[in-house]
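No value in this document is a laboratory result; all are computed from the given coordinates. Keep in mind that what you see is a predicted model, and the values were worked out from it rather than measured. Cβ placement follows ideal geometry from the backbone for every residue including glycine, while neighbour counts extend to all protein chains displayed.
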Amino acid sequence: MKKTRILVIGAGGQIGSELTPALRRVYGSEHVVASDIKPDICEQVLNEGPFEILDCMDEHRLIEVIIKYKITRVYHLVALLSAVGEHKPLMAWNINVGSLMNVLEIARELHLSVFIPSSIGAFGPSTPKKNTPQDTLMRPTTIYGITKVCGEMLGDYYFKKYGVDARGLRYPGIISNVTQPGGGTTDYAVEIFYKALEEGRYTCYLKEDTYLDMMYMPDAVRAAIEVMEADPDKLVHRNAYNVSAMSFSPRELKAEIQKHIPDFQMVCKPDPAKQAIADSWPDYMDDRAARQEWGWKHEYDLSKMTDDMLKTLKKRQR
Ligand code: AKB
């Protein structure tokens with residue numbers, strides 16, 4: 001069997017910073033090439049295996065890197081997130097869809113498998129909000145969401161038409177303690193931990209009763225590896241599995257943090273643009289397809305995630 005050699009595009013981003021080291025532990029450091037448009041990224045990613053500066057819009061450079069390292073699988077993690085995308089729609093389209101098209105075209109020619117991350121952002125206000133089904137109405141109202149639906153469909157198209165082994169997940173908001181996200185609607189659930197420890201207070205840009213699906217990074221990383229390793233014969237919904245772990249509101253997250261930091265205070269000053277995006281997304285998804293088709297199982301709930309986030313960030317502050 002051909003050895004798996006992986007290229008991570010966007011290795012310096014929120015997911016890439018933790019997925020790249022995890023992939024290196026599974027497949028061997030020399031078989032996982034990290035790439036990003038800039039070299040000022042997390043040191044572990046930069047130093048513990050091959051790294052290439054790569055602008056994924058540059059298809060010639062993409063081919064060069066793929067051939068140089070005999071790549072067989074690409075993790076395409078580059079994206080402009082939901083809130084920032086609303087200010088830069090053309091850029092969001094070009095980055096989120098244009099770069100994916102480059103990857104899929106090369107995958108078609110060189111027989112690569114591709115991981116395509118989708119998001120709860122692919123859903124819209126007409127989607128059922130609670131227990132959002134795997135197959136349902138998808139009419140997103142953000143440019144980010146439109147690019148995510150498009151990415152899901154491109155994955156299906158390249159699989160059906162050309163046999164490209166493209167697979168993907170609909171990620172909830174991801175909570176992590178290595179690289180902070182930027183420009184997303186769910187970012188509050190990360191910022192709040194830093195502010196709780198640094199200042200003991202946080203001003204939240206969403207209403208306190210806004211429910212959103214969330215996931216802790218160790219689960220997000222494991223899901224990305226497991227779906228790509230899953231038995232292809234068992235996959236029905238290849239390109240966009242709902243994956244859930246926990247759903248909470250800012251009020252519930254505040255209460256959980258207060259169990260560790262009793263003086264922690266939070267006020268909510270909703271930002272109308274971000275609130276409108278959050279209101280158009282599900283409260284929580286039904287992820288039975290992922291559980292049945294490839295054995296998805298989350299490990300972190302709200303209390304386990306909060307405990308680990310605070311412990312890890314506190315250790316790093318010392
Ligand atoms: C965002 O908020 O834009 C992202 C996402 C849910 O896809 N974190």
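Given a cut-off of 14 Å, what percent of all Cα-Cα pairs of the range 48-95 lie beyond it? Every Cα pair in the range 48-95 considered, those over 14 Å come to 61 percent. Label separation (residue 87 vs residue 64): 3.2 nm, computed from points 7 Å beyond Cα along the C-beta direction.
Taking 0.36 nm per residue of sequence separation and removing the Cα-Cα distance, the residue 110/residue 304 pair yields an extension gain of 65.6 nm.
The long axis of helix 217-229 is offset from the longest Cα principal axis of the chain by roughly 30 degrees. For the chain, a Gaussian network of Cα nodes joined below 10 Å ranks 276, 107, 220 by mean-square fluctuation, and the top entry is 276. For residue 243, the residues whose modelled amide H falls within less than 5 Å of its own, excluding neighbours fewer than 5 places apart on the same chain, are 170.
With all projection directions averaged, the alpha carbon convex hull of the range 165-241 covers 6.5 nm².
Geometric descriptor of the range 251-318, per residue, is 144 Å³ (volume of the convex hull of the Cα atoms). Relative to the longest principal axis of the Cα atoms of the chain, helix 188-198 runs at roughly 60 degrees.
The angle between the Cα long axis of helix 16-27 and the longest principal axis of the Cα atoms of the chain comes to about 50 degrees, rounded to the nearest 10. Normalised Debye scattering of the chain at q = 0.08, 0.13, 0.15 Å⁻¹ gives log10 I(q)/I(0) of -0.34, -0.93, -1.25, counting only Cα atoms as equal scatterers and leaving out solvent. Under a Gaussian network description of the chain, with springs only between Cα atoms under 10 Å, the residue in 287, 165, 40 that fluctuates furthest is 40. Legend: residue pairs 130/234; 129/315; 234/311; 129/259; 68/274; 88/315, Cα-Cα distance threshold 32 Å; pairs beyond threshold, 129/315; 234/311; 68/274; 88/315. Listed from fewest to most Cβ neighbours within 10 Å, the set 123, 115, 51 follows the order 51, 115, 123.
What's the whole-number percent of alpha carbon pairs in the range 66-131 lying beyond 17 angstrom? Here the long-distance tail beyond 17 Å is 53 percent of all Cα pairs in the range 66-131.
For the range 41-57, putting each phi into the Karplus relation 6.51 cos²θ - 1.76 cosθ + 1.60 with θ = phi - 60° gives couplings of 10, 3, 4, 4, 5, 6, 9, 9, x, x, 9, 10, 6, 8, 9, 5, 7 Hz, in residue order, rounded to whole numbers and with x for Gly and Pro.
Taking θ as phi - 60° and the Karplus parameters 6.51, -1.76 and 1.60, the scalar couplings of the range 96-101 work out to 6, 9, x, 5, 5, 4 Hz in sequence order, x denoting glycine and proline.
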